[in-house]
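Here the structure is laid out as structure tokens; the discussion comes afterwards.
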Amino acid sequence: MVEFPLLKSDPATGDAGFAAPERLPRSLGARPLAPLHLPVLLTFAQFSILTVAMHFGSYADYVGADNDDVMRLVQVRDLLGGQGWFDLTQYRLGLEGGTLMHWSRLVDLPIAALILLFSLLMSPPLAEASALLVWPLLTALPVFYALAVSGGVLGGASGRVIGLALALLFALAINRFVPGAIDHHNVQLALIATIAACLILPGRPPASHALAGVAAALAVAIGAETTPHIAVVAAIVAVQWLWLGGGMKEAASAFALAMAATLSAAFFLTVPASQYGVVACDALSTGFYALGVIGAGLFFLAVSTLSDRGFATRLAGLGLVGVATSGFALLGAPQCLGNPLGSLDPLLVSMWLSHVTEAQSVLAQLSAEPWTGGGFYLVPVLAMILCAVRIRQGRDVQAHGVLLALLAVSWAIALVQVRGSVFSNMLSAIPLAALIAGLRTRSNADPKNLRKGLAYAGTAFAAVPFVWALSGALLSMGVNTVMGQEAGHLPAQEEKICTDAEALAPLAREPAGVVAGPSNLGAHILRFTDHRVLSAPYHRNQGGMLTELHAAMARPADSVKFLRGAGVTVLAFCDSDPQVGSDAAAAPDGLYAQLRKGIVPDFLEPVPGTQSAPLQLFRVKP
């Protein structure tokens with residue numbers, strides 16, 4: 001039996017519909033979650049209404065603003081158009097032969113299924129738009145459940161309410177759950193939130209650890225970005241088994257078996273037999289699969305045979321598991337122990353990756369935009385300090401230890417690439433919800449005490465990353481105003497003057513061929529036209545990206561050799577694209593620099609009607 005807080009009336013806190021913990025079966029099944037359904041679904045309804053209202057209030061497109069959203073749609077369209085389930089080659093991207101993508105069909109499948117479902121009642125374009133509206137909203141549901149459960153574990157009834165409120169504010173403040181956001185990041189957030197909730201449940205229920213194992217395997221299968229998180233999750237389970245022995249046997253066994261089984265299913269359901277011998281470091285392949293199954297299998301064996309032995313024996317067994325797993329990693333996939341992008345050509349690093357905002361390190365980000373530091377990095381620091389204090393106080397040591405480990409790895413990733421901050425900000429809501437719940441109870445018990453009220457309100461505001469992000473933006477604008485500089489403005493969605501259907505309509509009318517243009521145009525050209533594009537911002541397309549960069553930066557006499565050598569039929573030129581500006585600055589005599597000056601070389605023929613448009617088109621003469 002374990003303690004699990006249910007939702008009933010609680011006279012102590014004044015929360016209608018909430019009560020103190022009562023005993024429940026050791027399960028994470030429907031019964032313990034049933035009392036959460038109404039508040040979570042009401043919150044989800046509120047979230048959906050607000051999100052859809054904001055979306056249509058400034059409607060630009062039904063596909064997300066990120067290139068990955070557009071490319072995911074292209075991949076789903078190819079699947080629905082008859083491309084094989086196991087065939088992830090994007091034949092219209094890169095040099096002749098296409099580019100083998102590293103994205104999982106596990107995310108393509110539900111999106112494609114929704115499109116087919118809506119197609120029963122709607123026209124194809126409307127069915128596609130409806131599916132892209134619904135899917136991102138649905139991925140927020142697991143986050144709401146996970147943060148509500150987790151907040152209740154640490155903060156009781158009030159913590160559950162506040163955890164749900166923080167989950168709502170988190171989902172509203174980021175672009176991962178807005179209509180059209182169909183890349184895999186929202187799914188990864190849902191999986192990590194689920195794992196955290198499962199691992200901190202009191203009593204360590206085997207069912208919750210099995211669910212954590214399933215989520216961990218799916219996270220690895222969907223994207224390699226979460227591999228450090230899953231490594232820490234596995235270490236958390238292993239260390240708890242080492243310390244507790246038999247008391248952790250059922251939970252550890254359930255986690256290991258579920259992870260191995262789910263990883264095996266994902267591997268054989270998404271990886272073609274022809275790729276079984278290939279080790280890829282950016283996607284589920286033989287390397288990650290074998291490493292995960294060997295590690296989980298050996299750990300299960302150790303748990304099954306050594307749980308009732310002494311600490312020293314368990315330590316020796318776990319050490320052997322670690323050595324064997326590490327040895328396989330060194331022998332079977334040594335290249336995957338480093339940065340998956342470490343093999344990028346230096347030119348791509350300097351001209352592409354270094355300009356990608358979400359790939360910036362903490363130093364690069366703070367150097368460029370110091371006011372963003374609070375929104376990206378501060379709240380997780382507060383949460384980690386709180387976890388450390390709670391551990392020292394002996395309060396919910398297991399749960400706070402788990403959260404501290406997950407927060408630490410997320411924050412460390414964010415120091416290397418700012419994109420990791422979304423995970424640490426999400427996980428911060430769990431311990432901070434409990435803190436706010438405690439301060440709220442104290443404030444309600446002594447409503448005339450201004451100090452307690454301010455402490456509660458101030459902590460509640462400080463726990464929301466968006467508050468820090470907005471404060472930083474306003475502070476930056478104020479400082480600029482005081483110093484007599486341009487005040488600037490709050491971040492807004494970039495205007496799609498070169499990438500929407502209207503801008504690309506003239507290109508769609510050209511005979512199908514090969515298009516060269518800045519990488520940010522690539523996915524949009526694939527979406528709106530039948531052309532193949534040389535460049536789009538994906539690291540597996542190094543050949544196409546390098547060819548386009550060399551053509552853009554070379555003198556026209558040499559540029560034509562790159563273009564004709566790659567079979568390019570049309571050059572797409574968008575003067576406002578950031579890459580065009582950086583290429584022209586790096587190569588003042590290059591092709592893009594010449595076109596910016598209005599100098600058109602002889603081998604290019606302007607497409608009529610596009611020379612005064614934001615997106616200028618030039619046919620490459622044979």
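The values are calculated or read from the model by the stated rules, or taken from the named source; none is laboratory data. No experiment lies behind these values; they were computed from the predicted model shown. Here the Cβ positions follow ideal geometry from the backbone for every residue, glycine too, while neighbour counts run over all protein chains shown. For accessibility, only protein heavy atoms count, side chains too; no ligands or nucleic acids. Shrake-Rupley method; radii C 1.70, N 1.55, O 1.52, S 1.80 Å.
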**OP:** Determine ³J(HN,Hα), in whole Hz, for all residues of region 583-599 in sequence, where each value follows from phi through the Karplus function 6.51 cos²θ - 1.76 cosθ + 1.60 and θ = phi - 60°; x replaces Gly and Pro.
**Re:** 5, 5, 5, 6, 9, x, 9, x, 4, 5, 5, 5, 5, 5, 7, x, 8
Original post:
Is region 432-477 rounded, prolate or oblate when judged by the Cα gyration tensor, a ≥ b ≥ c being the square roots of its eigenvalues, rounded requiring a/c under 1.5 and prolate requiring a/b larger than b/c?
Top reply: oblate
Original post:
Computed over the Cα atoms of region 197-332, what is the convex hull's projected area averaged over all directions, in nm²?
Top reply: 7.6 nm²
**OP:** For Thr89, list long-range residues whose amide hydrogen, built 1.01 Å from N in the peptide plane, is under 5 Å from its own amide hydrogen.
**Re:** Met101
Original post:
According to a simple spin-label model (label point 7 Å from Cα along Cα-to-Cβ), what is the distance in nm between Ala65 and Gln611?
Top reply: 3.4 nm
Original post:
Once the Cα atoms of helix 249-270 and of the chain are each reduced to a long axis, what angle between those two axes, in degrees from 0 to 90 to the nearest 10, is obtained?
Top reply: 20 degrees
**OP:** State whether region 262-327 is rounded, prolate or oblate according to the following rule on the C-alpha gyration tensor (a ≥ b ≥ c being the square roots of its eigenvalues): a/c under 1.5 gives rounded; otherwise a/b larger than b/c gives prolate, and the remaining case gives oblate.
**Re:** prolate
**OP:** Within the set of other residues whose C-beta is less than 13 Å from the C-beta of Pro511, count the net charge using Lys and Arg as +1 and Asp and Glu as -1.
**Re:** +1
Subject >> Equivalent ellipsoid semi-axes, the chain, via Cα gyration tensor eigenvalues times 5, rooted, Å >> reply: 45, 30, 23
Subject >> Size of region 343-477 as Cα extents on the principal axes (Å, biggest first) >> reply: 62, 40, 17
**OP:** Quick one: net charge around Val568, please, counting Lys, Arg +1 and Asp, Glu -1 for every other residue with C-beta under 15 Å from its C-beta.
**Re:** +1
Original post:
For the chain, which whole percent of the accessible surface, found with a 1.4 angstrom probe, sits on carbon and sulfur atoms?
Top reply: 66 percent
Original post:
Tally Lys and Arg at +1 and Asp and Glu at -1 over the other residues with C-beta under 9 Å from the C-beta of Ile413: what net charge comes out?
Top reply: 0
Original post:
Can you give the helix-only mean residue ellipticity at 222 nm for the chain, where every DSSP H stretch with n ≥ 4 adds -39500 (n - 2.57) and the sum goes over all residues, rounded to the nearest 500 deg cm²/dmol?
Top reply: -20500 deg cm²/dmol
**OP:** Report the longest stretch of the chain that contains none of the trypsin sites (Lys or Arg not before Pro) sitting in a DSSP loop with at most 12 other Cβ atoms within 10 Å.
**Re:** 1-394
**OP:** Check cross-link reach from Lys621 to the lysines: straight Cα distance under 16 Å, and skip same-chain residues fewer than eight apart.
**Re:** Lys561
Subject >> Residue range of the chain that is longest and free of GluC sites (Glu not before Pro) which are both DSSP loop and sparsely packed (at most 12 other C-beta within 10 Å) >> reply: 97-485
Original post:
In straight Cα distance, which lysines are under 25 Å from Lys496, not counting same-chain residues fewer than 8 positions off?
Top reply: Lys597
Original post:
Quick one: of the DSSP bridges fully inside the chain, what percent are antiparallel, nearest 5?
Top reply: 75 percent
Original post:
How far is helix 124-173 tilted off the main Cα axis of the chain, in degrees rounded to 10, range 0 to 90?
Top reply: 30 degrees
**OP:** Restrict the search to region 250-292; then list the chymotrypsin sites (Phe, Trp or Tyr not before Pro) that DSSP places in a loop and that have at most 14 other Cβ atoms within 10 Å of their Cβ.
**Re:** Tyr276
Subject >> Cα-based shape type of region 94-157, given that a ≥ b ≥ c are square roots of the gyration tensor eigenvalues and the cut on a/c is 1.5 >> reply: oblate
Original post:
Cα to Cα, under 20 Å, and not fewer than 8 places away if on the same chain: which lysines meet these conditions relative to Lys448?
Top reply: none
